[in-house]
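Okay, structure first, notes after.
The values are calculated or read from the model by the stated rules, or taken from the named source; none is laboratory data. Quantities reported herein were computed from a predicted structural model and do not represent experimental measurements. Note that each Cβ is placed from the backbone with ideal geometry, even for glycine, and that neighbours are counted across all protein chains shown.
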Amino acid sequence: MRLTPQQQQVIRQAARHCFGPGACVILFGSRADDSARGGDIDLLISTDMTDVEEIVRAEIDFQIRVQQAIGEQKIDLLIDYPGRGEHPPIFEIAERTGVRL
C-alpha cells in the first residue's frame, strides 16, 4: 500500500466523522499496489447513511478534510450505501482487489 500511516489515519478518521462511525474504507487501484507508481487515491467508502443529500454533503466534507490534512491529492470516491440502485463493475473490482484501511 502506498499511503503513509498518517495518510491512512487521516482517511479513516475523516470517513468516520463524515460518513458515520460504521464507515468502512477500502483503498484500491494503483495506490493499493506497492509496485506501481504515481496515481490518484481511489477509495470505496461503505456507509449506513441513506439520505442522498446527506451523502453528498458528507462526500464534500470528506474531500475538504482529507485535502487540508494531507495536501492536494486527486481522490476518487465510490460510495456504497443501503438502497443504492446501481453497482457498476468497479465496485466489485474495488472490493476484490482493494485493501481495507
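Summary table
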quantity	calculated
Residues located in region 28-56, provided they are at pLDDT 95 or above and within 18 Å of Lys74 (Cα to Cα)	Leu43, Leu44, Ile45, Val56
Residue check, Ile79 touching a residue at least 24 places away in the same chain (Cβ under 8 Å) and crowded, with 17+ Cβ neighbours inside 10 Å	yes
Those residues of region 17-29 which are assigned to a helix (DSSP H, G or I) and either among the hydrophobic types (A, V, I, L, M, F, W, C) or surrounded by fewer than 16 Cβ atoms within 10 Å (Cβ to Cβ) (or both), in sequence order	His17, Cys18, Phe19
